[in-house]
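Take a look at the structure below.
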Amino acid sequence: MRIGRSLERPEGSPILELPNAQIKGGKGLQDVKKQTSVRSVYLTVLRGNVPEMLQVFDAADPSLIMGKRDVTTVATQALFLMNSPFVVEQATNLVQRAEFKTLGSDGQRVRFLYQQTLQRDPTSDEVRLACRFLEAQRQFEAPHNALSGWEQYAQVLLLANELAFVD
């Protein structure tokens, strides 16, 4: 799954396929909880069955009338994203791109990742810190690591506050 793969509005709702008895009794709701890559504005939301991602990031309670949603920034949000298979997959996809693989130096690769994630060039300090991180990863890379040093660095950029929050 790639970022932006499914930005179109889905055809219908999975709720339409469930009989009323299943919805009322809570049976069959696993069909509604299926993983999807559609934008959250198109997600099916039932009052007693709010998707986990929306719960973690302060979605409005569908049982209440809310003029403005609460905004919080808590550790569980960062942990949710750090452990998200979607974020790991996107980091891996960035590093697997042909353009990335053809770049010759670490500095060029760091610049590529910054341009793809944050839409800007890194500062000289950011390039230097990235190269130090990658060198440390090469020295201590254990066989049990699920992600390479480059994939870990791409994941860090995808989780950066600069990407998540707009000033």
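Determine if region 109-120 includes at least one residue that is out of contact with any Pro (no Cβ under 8 Å at 6 or more places or on another chain), more than 30 Å from GLN55 (Cβ to Cβ) and hydroxyl-bearing (Ser, Thr, Tyr). Walk me through it before giving the result.
Let us first name the residues in region 109-120 that are out of contact with any Pro (no Cβ under 8 Å at 6 or more places or on another chain), namely 109, 112-113, 115-120.
Among the residues that remain, those that are also more than 30 Å from GLN55 (Cβ to Cβ) are: 109, 112-113, 115, 120.
This time we only want the ones that are hydroxyl-bearing (Ser, Thr, Tyr), so: none.
Within region 109-120, not a single residue is out of contact with any Pro (no Cβ under 8 Å at 6 or more places or on another chain), more than 30 Å from GLN55 (Cβ to Cβ) and hydroxyl-bearing (Ser, Thr, Tyr).
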Exercise. Among (1) under 30 Å from ALA136 (Cβ atoms); (2) surrounded by 12 or more Cβ atoms within 10 Å (Cβ to Cβ); (3) modelled with pLDDT under 75, where does ARG2 come up short?
Worked result: (2)
Problem set entry | Flag if ASP125 is at pLDDT 90 or above and either in a loop (DSSP other than H, G, I, E, B) or surrounded by fewer than 14 Cβ atoms within 10 Å (Cβ to Cβ) (or both) | yes
Exercise. So which pairs qualify, if the first residue must be in region 144-167 and part of a helix (DSSP H, G or I), the second must be of a type in the set (Asp, Glu) and at pLDDT below 90, the Cβ gap must be under 9 Å, and the two must be at least 6 apart or on different chains?
Worked result: GLY149/GLU141
Seminar exercise, completed: Residues of region 52-104 being of a type in the set (Gly, Ala, Ser), assigned to a loop (DSSP other than H, G, I, E, B), modelled with pLDDT of 80 or more and exposed (fewer than 14 other Cβ atoms within 10 Å of the Cβ), in sequence order, are GLY104
For this session: Please list, ordered by first then second residue, the pairs with beta carbon atoms under 6 Å, 6 or more apart or interchain, first in region 121-135 and at positive phi, second of a type outside the set (D, E, K, R).
Result: none
Problem set entry | Count of region 57-112 residues which are more than 26 Å from ARG132 (Cα to Cα), touching a residue at least 12 places away in the same chain (Cβ under 8 Å) and among the polar types (S, T, N, Q) | 4
Exercise. GLN119 versus (1) part of a loop (DSSP other than H, G, I, E, B); (2) at pLDDT below 85: which is the lone unmet condition?
Worked result: (2)
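The values are calculated or read from the model by the stated rules, or taken from the named source; none is laboratory data. This structure is a prediction, so every number in the text was calculated from the model and none was measured. Here the Cβ is made from the backbone with ideal geometry for all residues, glycine too, and neighbour counts use every protein chain on show.
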